[in-house]
Amino acid sequence: MGRGFFNVPKAVNEPVKEYAPGSPERAEVLATYKEMFHSNMDVPMHINGEEVRTGNTKNITPPHDHQHVVGHYHTANKSHVDAAISTALAAREAWSNVSWTERATIFLKAAELLAGPYRARMNAATMIAQSKNVYQAEIDAACEMIDFFRFNVQYMTDIFKDQPASAPGIWNRVEYRPLEGFVYAISPFNFTSIAANLPAAAALMGNVVVWKPSDHQAYSAQVIVEMFKEAGLPDGVINVIYGDPVMISDTVLDSPDFSGLHFTGSTHVFKNLWKQIGNNIHTYKTYPRIVGETGGKDFIWAHNSSNPLQVATAITRGAFEYQGQKCSAASRAYIPASMWEDVKGHLITQANDIKMGSPEDPSNFVNAVIHEASFDKIAHFIDAAKADKDADVIIGGGHDKSVGYFIEPTVIVAKSPTYATMTTELFGPVMTIFVYEDAEWEASLKLVDESTEFALTGAIFSTDRYIVEKASKALENAAGNFYINDKPTGAVVGQQPFGGGRASGTNDKAGSAQNLLRWTSVRLIKETLVSPTDYKYAFLGA
Ligand code: NAD
């Protein structure tokens, strides 16, 4: 409907609720948690708006109480994947042609539903099945998801407004078409907001989507699907399937209509998908867009001009919030020798204060890691460090999976800057520290830059502006999100667009216009208002 140049509501960040004792939001989320925890959620797949139950199910268990079943999800065989693809393609014509205002309204409505009636349920689902404390759930599953929807609507219109110049007698315009085919969204377990945004960003731009959430996020994915439906998302636009990721990806990537991958997860999975897409390139009707945000080994580097308490606090928050399972979590730090005793003292004080346990008790800062494989991997590295003469475990080191997958917040001091836990992404509450000689600060920056294949987030601490400038330059390519005198986590949509380079991803910045542009294919239209009738140009003479 071209009857006006509409302005969308100005996007503002959703205020983070505090969940302080006695607050209504705390009472509501805890009551919802209790009710959901003692129910059994049946999570179907969603193909063409229909709930698909195969009976081939897997249990959903909270990571902090792994013998307790809170639900189950149904898994696909190849015919379901084929159906999800053909359904998406059948929905494409109507969805890609509907006015952008209709698409915008659906996601703006989803934002309002989540800010209101869906908030407690989305947060409680994330607390239960992904083991997030209430605050971590709030900043992810409520606020970040709301922000993605609101800001993406604004960015979409910013993109549409970007138009070429026209010359006298000529009108040039571009239209931002969706990709020709369908987009495949694969999401990780650790952020409910990312899970929703991967299919939603593509759908907002007019694409149809096959979405494969992580098995470990199926519980909150169900709440997302219900919310999208209530917001008015038409059937077939986002089709949700669960199950064997290899079978699903093989089927999807074999389709000639596959036109884009929107992935967030680990580096090796993404690289293999990229390779598979490359091998299939002659199959596809278009060159697929490949967007992936992947692993990290995020750093904190401190100069001796910085404040030891600020550095220690950044380490505690950056490394241990959500059990170190943020892609942005700090997991290696470089501290000058002259500051180390002070930083260490503060770290020990803060670590002693941290409580660990179920998210049902909001006083627990640390909860469980996501699953047994992750627990075993992290525990293995911690135990190796305990036995290793090249490392000292100075804080934590305990782990216990009898009830839930609990790993104590752990600090390892490494004698070598390339020690295993200085360079390997563990995705757990483990910080490894290398203490450098103060005079070697420039060489230590080289270590930060060159020790790992990743470049996702990183932070430097200094009060000396010459040092800040030098470090920022030296680490120019070491992080896609670079923080000065702050922890490297907690990016906010609209303020710190998120993504990394090198092996950390394609750096297409989730929550930005840059990301949305990847889900469009521009058509340029040049219209000549009065067409010429003489083929001869002036230079040819009379
Ligand atoms: P993961 O790679 O194990 O899983 C991610 C998704 O890929 C899941 O849906 C999973 O089922 C699917 N998958 C797994 N194997 C596959 C295969 N062979 N083929 C196709 N799909 C497959 O990652 P995870 O454990 O869910 O998440 C943690 C990882 O994600 C970490 O490496 C973290 O750094 C990264 N991450 C990065 C960002 C970012 O913005 N850079 C954000 C969140 C998470």
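The values are calculated or read from the model by the stated rules, or taken from the named source; none is laboratory data. Keep in mind that what you see is a predicted model, and the values were worked out from it rather than measured. Virtual Cβ from ideal backbone geometry, glycine too; neighbours counted across all protein chains shown. Only protein heavy atoms, including side chains, enter the accessible area calculation; ligands, DNA and RNA are left aside. Shrake-Rupley method; radii C 1.70, N 1.55, O 1.52, S 1.80 Å.
Of the candidates 395, 354, 378, the single residue that is within 16 Å of the ligand (Cβ to nearest atom), touching a residue at least 40 places away in the same chain (Cβ under 8 Å) and of a type in the set (A, V, I, L, M) is 378. Of all positions in the stretch 271-279, none carries a residue that is closer than 26 Å to residue 97 by Cα and more than 10 Å from the ligand (Cβ to nearest atom).
Only residues in the stretch 268-293 that are of a type in the set (Asp, Glu) count as the first member; pair them with residues that are within 15 Å of the ligand (Cβ to nearest atom), Cβ under 6 angstrom, at least 6 apart or cross-chain, and list the lot. Every condition considered, the pairs that remain are 293/264; 293/499; 293/505.
Applying the selection to the stretch 491-506, what residues are open to solvent by less than 40 Å² (accessible area, probe 1.4 Å), under 23 Å from residue 143 (Cβ atoms) and part of a loop (DSSP other than H, G, I, E, B)? Scanning the stretch 491-506 gives 491, 493, 494, 499, 500.
Scanning the stretch 361-375 for residues that are in contact with a Phe, Trp or Tyr (Cβ under 6 Å, 6 or more places away or on another chain) and open to solvent by 50 Å² or more (accessible area, probe 1.4 Å) returns no hits. The set of residues in the stretch 401-456 being of a type outside the set (A, V, I, L, M, F, W, C) and outside any loop (DSSP other than H, G, I, E, B) consists of 410, 421, 423, 432, 436, 438, 440, 442, 444, 446, 449, 450.
Counting only strands (runs of 3 or more DSSP E) wholly contained in the stretch 1-113, the ones carrying 1 or more residues that are touching a residue at least 24 places away in the same chain (Cβ under 8 Å) and over 25 Å from the mean Cα position of the chain (by Cα) occupy 41-43, 50-52. In the stretch 453-462, is there at least one residue being open to solvent by 30 Å² or more (accessible area, probe 1.4 Å), touching a helix residue (DSSP H, G or I) at 6+ places or on another chain (Cβ under 9 Å) and not assigned by TED's automatic domain parsing to the domain that holds residue 271? Scanning the stretch 453-462, I find at least one residue that is open to solvent by 30 Å² or more (accessible area, probe 1.4 Å), touching a helix residue (DSSP H, G or I) at 6+ places or on another chain (Cβ under 9 Å) and not assigned by TED's automatic domain parsing to the domain that holds residue 271, so the answer is yes.
Selection of the stretch 507-529 for residues being open to solvent by 30 Å² or more (accessible area, probe 1.4 Å), assigned to a strand (DSSP E or B) and among the polar types (S, T, N, Q) yields 521, 528. The single condition from (1) away from the ligand (no atom under 11 Å from the Cβ); (2) assigned to a strand (DSSP E or B); (3) over 27 Å from residue 485 (Cα atoms) that residue 300 fails is (3). Just to be sure, is residue 140 among the acidic types (Asp, Glu) and either in contact with a strand residue (DSSP E or B) (Cβ under 7 Å, 6 or more places away or on another chain) or open to solvent by 10 Å² or more (accessible area, probe 1.4 Å) (or both)? No.
Is it the case, given these coordinates, that residue 119 is under 16 Å from residue 225 (Cα atoms), buried (at least 22 other Cβ atoms within 10 Å of the Cβ) and of a type in the set (Lys, Arg)? Yes; evaluated as a whole, the condition is true for this residue.
Of the numbered criteria (1) out of contact with any Ser or Thr (no Cβ under 8 Å at 6 or more places or on another chain); (2) buried (at least 21 other Cβ atoms within 10 Å of the Cβ); (3) of a type outside the set (Val, Ile, Thr); (4) not assigned by TED's automatic domain parsing to the domain that holds residue 370, the one residue 314 fails is (4). Being farther than 26 Å from residue 367 by Cα, at pLDDT 95 or above, among the aromatic types (Phe, Trp, Tyr) and within 16 Å of the ligand (Cβ to nearest atom) is a property that residue 434 lacks. Within the stretch 461-477, the presence of a residue that is within 16 Å of the ligand (Cβ to nearest atom) and either in a strand (DSSP E or B) or touching a residue at least 60 places away in the same chain (Cβ under 8 Å) (or both) is excluded. Condition check for residue 305 on (1) more than 11 Å from the ligand (Cβ to nearest atom); (2) among the small types (Gly, Ala, Ser); (3) under 24 Å from the mean Cα position of the chain (by Cα): one failure, at (3). Kindly evaluate residue 211 against the criterion of being assigned by TED's automatic domain parsing to the domain that holds residue 262 and surrounded by fewer than 19 Cβ atoms within 10 Å (Cβ to Cβ). Answer is no for this residue. Among the numbered criteria (1) crowded, with 24+ Cβ neighbours inside 10 Å; (2) within 17 Å of residue 449 (Cα to Cα), which single criterion is violated by residue 473? Among (1) crowded, with 24+ Cβ neighbours inside 10 Å; (2) within 17 Å of residue 449 (Cα to Cα), residue 473 violates only (1).
For the condition away from the ligand (no atom under 16 Å from the Cβ), open to solvent by less than 40 Å² (accessible area, probe 1.4 Å) and assigned by TED's automatic domain parsing to the domain that holds residue 423, residue 385 qualifies.
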